[in-house]
Amino acid sequence: MNIIIRQEKAEDFNAIYHVVQKAFEEAEYSDHDEQNLVNRLRSSSNYIPELSLVAEYEGKVAGHILFTQLIVGDQTLIALGPVAVLPEMHGKGIGTKLIMEGHSIAVQLGYKGSVVLGHDKYYPKFGYKKASQYGIEAPFEVSDEHFMAVELVNGGLAGAHGIAQYAKEFFEK
């Protein structure tokens, strides 16, 4: 299966909206607004164009990932999410490819750590652990198991202590 991971382009926006909407349509832990969140985050000062990626399969967008800047203590990290893959494309490694490429680009851009609010059975395979182990707290009510962080470089979260300050667009509707 030939999957191409690349930076999103403006002409992908409608396809991305559809992919994200479809990906979260049946999600149990979702406000079903992720597709609109992606659009809001694009106009945020926390948006990092190089870290808004699509997975292209047979010329069509099959997946999307977005990382945005966030502050913890005196460190600028990235927040992973949302990650979206068309339901019919699940199990083909698309999400894995998107996350791995995103992490790789983030390191090249100088980011040392990432946080995610997500499935506690999925993200640990990418090195994510409870964020509380690093002294990072969520700015909202969430179980410790679902709020995670990963060091993208050795010691990358050493100075990151406190409440994660997400882009304000995460809290808007």
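Below, the figures for the structure above:
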| read-out | value |
| --- | --- |
| Every residue from the stretch 64-84 that is surrounded by 22 or more Cβ atoms within 10 Å (Cβ to Cβ) and over 20 Å from G127 (Cβ atoms) | H64, A84 |
| Unique residue being under 30 Å from I136 (Cα atoms) and either within 12 Å of the chain's Cα centre (by Cα) or not aromatic (F, W, Y) (or both) when the list is D33, D12 | D33 |
| Helices (runs of 4 or more DSSP H) contained entirely in the stretch 1-113, each with at least 3 residues that are over 20 Å from Q165 (Cβ atoms) and among the β-branched types (V, I, T) | 13-24, 94-108 |
| Criterion: among the basic types (K, R), touching a residue at least 24 places away in the same chain (Cβ under 8 Å), touching a Leu at 6+ places or on another chain (Cβ under 7 Å) and surrounded by fewer than 22 Cβ atoms within 10 Å (Cβ to Cβ) - qualifying residue of K112, K97 | K112 |
| Failed item, numbered, when P87 is tested on (1) in contact with a Lys or Arg (Cβ under 8 Å, 6 or more places away or on another chain); (2) modelled with pLDDT of 95 or more; (3) surrounded by 16 or more Cβ atoms within 10 Å (Cβ to Cβ); (4) not small (G, A, S) | (3) |
| Cross-chain or 6+ apart pairs with Cβ under 6 Å, the stretch 11-37 first and touching a residue at least 12 places away in the same chain (Cβ under 8 Å), then in a loop (DSSP other than H, G, I, E, B) | V19/L86; K22/L86; F24/S30; F24/H32 |
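The values are calculated or read from the model by the stated rules, or taken from the named source; none is laboratory data. Every value quoted in this text rests on a predicted model; they were computed, and no experiment measured them. Every residue, glycine as well, gets a Cβ built from its backbone with ideal geometry; the counts of neighbours run over all protein chains shown.
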